[in-house]
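Working notes, beginning with the structure itself.
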Amino acid sequence: LQLLEWPGRPDDVFSVEGEPGKRYHLILPAFFRLLDALHREGRAFAVVFRSFGTDLPRALRAVSRALAGQHPRFPALRDAALPVDLTPGQIRCSQREVVLTRGAERLATREDGRKLYDYFSSFEGIGGFQDHFDWWAKNNFSSRGGKPLWIDPHDPSVHHIFIDDNIRLDDADTIVHPQVFSEPGSSSPRSAPTSELYDVCLVQTDLLEAIADEDYFLHCVRRCEENYERYLACAGKGPPSPRQDGQ
């Protein structure tokens, strides 16, 4: 826990109260380090927070403040010029469809399974969506009820990476439902096993490593990029120069 302690004066945006007299980082420094590194490399990327809980407004506010140059450890983030939408959206699932709403936006997969893939592929800046916990619980906390993620191995222009400490190789006990478009231009994805996309588009966070190593998430992205090139090659595509979309 010592590595998680917030240094210096208490900050109600970037830190949370823990033990008496102790405050801890709300968001790991490794996350801000990832934003800083991708920006310095001139990468085109977006970040989408996906949570079952009610913590999104606070997390988005902290990221917005950091990108305004107010994080004491990462003042250079003010140069990243990433817009932050402080209004969380919702993703709700059923047997028939997945529905995304945010403000006036509403998209559903019933008529076209690619709608949400295209939406997240063109996402800009940083935002967040509350996923459907009750649906996950109804599906016994299995992949089938997890947070949906769409992957098109025939589209080398974007690389979706989902990072979550509850991702498991056991599809009966994991938090993401990966869906892959097997045919070019297809609108009907297939459910994919976690093992197919593990360390390709799905990253199971090692929290201890993420706390101890500020380059942890950067290493995760690098590893996924290397593996994604091979994944695309297996789908008949050459190595991509993809845009990053972190979820």
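The values are calculated or read from the model by the stated rules, or taken from the named source; none is laboratory data. All figures in this text were calculated on a predicted structure; none of them were measured in a lab. Here Cβ is always computed from backbone atoms with ideal geometry, including for glycine, and neighbour counts include all displayed protein chains.
So here's what we get for this one:
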{"item": "Any hit, the range 130-144, residues being over 18 Å from the mean Cα position of the chain (by Cα), at pLDDT 95 or above, charged (D, E, K, R) and more than 30 Å from residue 208 (Cα to Cα)", "result": "yes"}
{"item": "Residue check for residue 33: of a type in the set (Lys, Arg), touching a helix residue (DSSP H, G or I) at 6+ places or on another chain (Cβ under 8 Å) and more than 26 Å from residue 89 (Cβ to Cβ)", "result": "yes"}
{"item": "Single residue of 43, 106, 78 found to be at negative phi and out of contact with any helix residue (DSSP H, G or I) (no Cβ under 9 Å at 6 or more places or on another chain)", "result": "106"}
{"item": "Residue 131 being crowded, with 19+ Cβ neighbours inside 10 Å, in contact (Cβ under 8 Å) with a residue 24 or more places away in the chain and more than 30 Å from residue 42 (Cβ to Cβ)", "result": "yes"}
{"item": "In the range 25-51, the residues that are outside any helix (DSSP H, G or I), surrounded by fewer than 16 Cβ atoms within 10 Å (Cβ to Cβ) and not aliphatic (A, V, I, L, M)", "result": "41, 42, 43"}
{"item": "Test: residue in the range 95-117 that is assigned to a helix (DSSP H, G or I) and of a type outside the set (A, V, I, L, M)", "result": "yes"}
{"item": "Residues that are small (Gly, Ala, Ser), under 30 Å from residue 80 (Cα atoms) and without any contact (Cβ under 8 Å) to a residue 12 or more places away in the chain, drawn from the range 95-118", "result": "104"}
{"item": "Top-ranked residue in the range 52-108 [being over 20 Å from residue 124 (Cβ atoms) and among the polar types (S, T, N, Q); ranked as surrounded by the fewest Cβ atoms within 10 Å (Cβ to Cβ)]", "result": "95"}
{"item": "Selected residue [in contact (Cβ under 8 Å) with a residue 40 or more places away in the chain, of a type in the set (Ser, Thr, Tyr) and touching a Phe, Trp or Tyr at 6+ places or on another chain (Cβ under 9 Å)] from 157, 121", "result": "121"}
{"item": "Per-region count, the range 109-126, residues over 14 Å from the mean Cα position of the chain (by Cα) and exposed (fewer than 13 other Cβ atoms within 10 Å of the Cβ)", "result": "3"}
{"item": "Leading residue by the ranking (farthest from residue 213 (Cα to Cα)) among those in the range 13-24 that are assigned to a loop (DSSP other than H, G, I, E, B) and at pLDDT 95 or above", "result": "13"}
{"item": "Yes/no for residue 5 being surrounded by fewer than 16 Cβ atoms within 10 Å (Cβ to Cβ), in contact (Cβ under 8 Å) with a residue 12 or more places away in the chain and of a type in the set (D, E, K, R)", "result": "yes"}
{"item": "Scope the range 1-50; condition among the polar types (S, T, N, Q) and in contact with a Leu (Cβ under 8 Å, 6 or more places away or on another chain); matching residues", "result": "15"}
{"item": "In the range 52-65, the residues that are part of a helix (DSSP H, G or I) and small (Gly, Ala, Ser)", "result": "59, 62, 64"}
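Yes or no, residue by residue, for (1) of a type in the set (Asp, Glu); (2) farther than 26 Å from residue 208 by Cα:
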site	(1), (2)
151	no, yes
160	no, no
164	yes, no
169	no, no
175	no, no
182	no, yes
